[in-house]
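Working notes for the structure below.
The values are calculated or read from the model by the stated rules, or taken from the named source; none is laboratory data. Note that this is a predicted model, so its numbers are computed, not measured. Cβ placement follows ideal geometry from the backbone for every residue including glycine, while neighbour counts extend to all protein chains displayed.
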Amino acid sequence: MPTRHVVCNMSQIFESSQTTHVSPTLAVVTVIISRDRYLSPVRVQCLHWADETTAGSTLDCTQATLRARTLTFLARIGQFPRALYTINMTNEFRPALIVVDVQEDFCPPNGSLAVPEGRDIVAPINKLLDLPFVLKVATKDWHPQDHISFAANHAGKQPFVDFATIVNPDNAAESYSSRLWPVHCVQGTPGAELLPELEADKLDEILEKGTDRRVEMYSPFYDPFGISDSGLAGLLRAHAVTDVYVVGLAGDYCVKACAEDAAKEGFRTYLIEECTRAVDAGAWPLCRKALEEGSRARVVSLEGPEVLRLSSPSLMTAAPAQSR
Ligand SMILES: [Zn+2]
C-alpha cells in the first residue's frame, strides 16, 4: 500500500528529513542527505527515477544537481504544485542568470580548449552577479574521460577539424554529425574548475552537464536526444522565473544552445553579448544572426534596457503563491 506524500517545497525534501517517500503508485525516491556542505557529494538510491537508465541504480551527484533533477522528476509525476509551473509571461519579471561553463579549460592561458579572450568576460559577469536576479546558476562541463566528444576517443580523428556521428542510445535510427574537441573539462581535474576570479559565492546553484559519455551536451538543459537532463528547466520553474539572461563560454556552442533551449522552454531569453566569446570569433556575427532568426532568444548589450532594468528592483515581482 503506497504512502501518499504531497511535496510542497524543495526544503521539505532536502532539509527536514533524511528519507523521503514520494508516491502515489510509481515513485519512491530515497534521498540520503549529506548535511555538512551543500555542494558536497551525496548518494541517492533511485528506485524509480525520471530516466529509465538510472532507475534501480545508485547515483552520485552534488546536492544541487540532485535537487534540480528531483524537481524535474516530481514535475513529471505530477507531484509538484502546479502554481509553481504556471508563469504569467505578461506582467511578471523574475529574472535568472545562467553562467555557462566559465571553466579553466575554456580559457587562456592554459585551457585545452581555450576560447580567445575567454577570461575577459569574468569582470562583467561578476558585476551581473551583484544584481537582484531571483536565481543565479552556473554550469560546468563535466565529462568522463571516455566522453564521445573527445577526438582522442575516436581512432585517427583530430580535434577541431574532424567530426563523429553521435547515435541516440535509445534509438539507433536517430543520429547527427558533431564536431570533435580536445580532451577538456574531465571530472575532478583542474581544467574543469570554475575560474577562481569568478565570484562563485554569489551563485545559488552549480549544475554539471555532459556527464553521460554517450552523448554530446552543449545545452545546459539537455542533450539533443533528451537522454541526459540536468534539471535546469525544472529549477527555473520552481523559482517562477520569467526571464533568463545567458552569459559564458562559448558563445557559438554551449551559450547559444542554452539560449535556444531557454527560449524553447518558454522563458523570455537574452544573451548578453559582452559577456560571451566564441570559439570561432570571426563567425560570431553569423552565429548571432542564426540564433535570433532560429529562436525567440535575443542578443542584447550590457548597456541596453533589458539589462538596465535589472538595476531597478522595484520592477521585480514576487513569486506566485503556492497552491498548497
Ligand atoms: Zn564539452
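The residues in the stretch 163-216 that are among the hydrophobic types (A, V, I, L, M, F, W, C) and out of contact with any helix residue (DSSP H, G or I) (no Cβ under 7 Å at 6 or more places or on another chain) can be counted, and the count is 9.
Take the conditions (1) in contact with a Phe, Trp or Tyr (Cβ under 9 Å, 6 or more places away or on another chain); (2) crowded, with 18+ Cβ neighbours inside 10 Å; (3) under 27 Å from GLU303 (Cα atoms); SER219 misses just one of them, which is (1). Kindly indicate whether any position in the stretch 176-184 is free of Cβ contacts under 8 Å to residues at least 40 places away in the same chain, farther than 25 Å from LEU129 by Cα and more than 11 Å from the ligand (Cβ to nearest atom). Yes: one or more hits. Just one residue in the set ALA192, ALA155, ALA151, ALA200 is in the same structural domain as ILE121 (by TED's automatic domain parsing) and farther than 21 Å from LEU249 by Cα; that residue is ALA155.
Of the residues making up the stretch 127-167, just one is part of a helix (DSSP H, G or I) and loosely packed, with under 15 Cβ neighbours inside 10 Å, namely LYS127.
Once the stretch 213-265 is narrowed to residues that are of a type in the set (A, V, I, L, M, F, W, C) and assigned to a loop (DSSP other than H, G, I, E, B), the residue that is nearest to the ligand (Cβ to nearest atom) is MET217.
Give just the number: which of (1) touching a Ser or Thr at 6+ places or on another chain (Cβ under 6 Å); (2) modelled with pLDDT under 95 does THR86 not satisfy? Every condition holds for THR86 apart from (1).
For the stretch 195-252, the set of residues classified as aromatic (Phe, Trp, Tyr) and closer than 22 Å to VAL167 by Cβ consists of TYR218, PHE221, TYR222, PHE225, listed by residue number. Contact map, the stretch 104-129: first residue touching a residue at least 40 places away in the same chain (Cβ under 8 Å), second residue more than 16 Å from the ligand (Cβ to nearest atom) and of a type in the set (Asp, Glu), Cβ cut-off under 7 Å, separation 6 or more or different chains; pairs are VAL122/GLU197; PRO124/GLU274; ASN126/GLU199; LEU129/GLU199. Are any of the residues in the stretch 151-168 out of contact with any strand residue (DSSP E or B) (no Cβ under 8 Å at 6 or more places or on another chain) and within 15 Å of the ligand (Cβ to nearest atom)? Yes, the stretch 151-168 has at least one match.
One residue alone among GLU265, GLU208, GLU274, GLU260 is assigned by TED's automatic domain parsing to the domain that holds HIS143, over 16 Å from the mean Cα position of the chain (by Cα) and in contact (Cβ under 8 Å) with a residue 12 or more places away in the chain, and that residue is GLU274.
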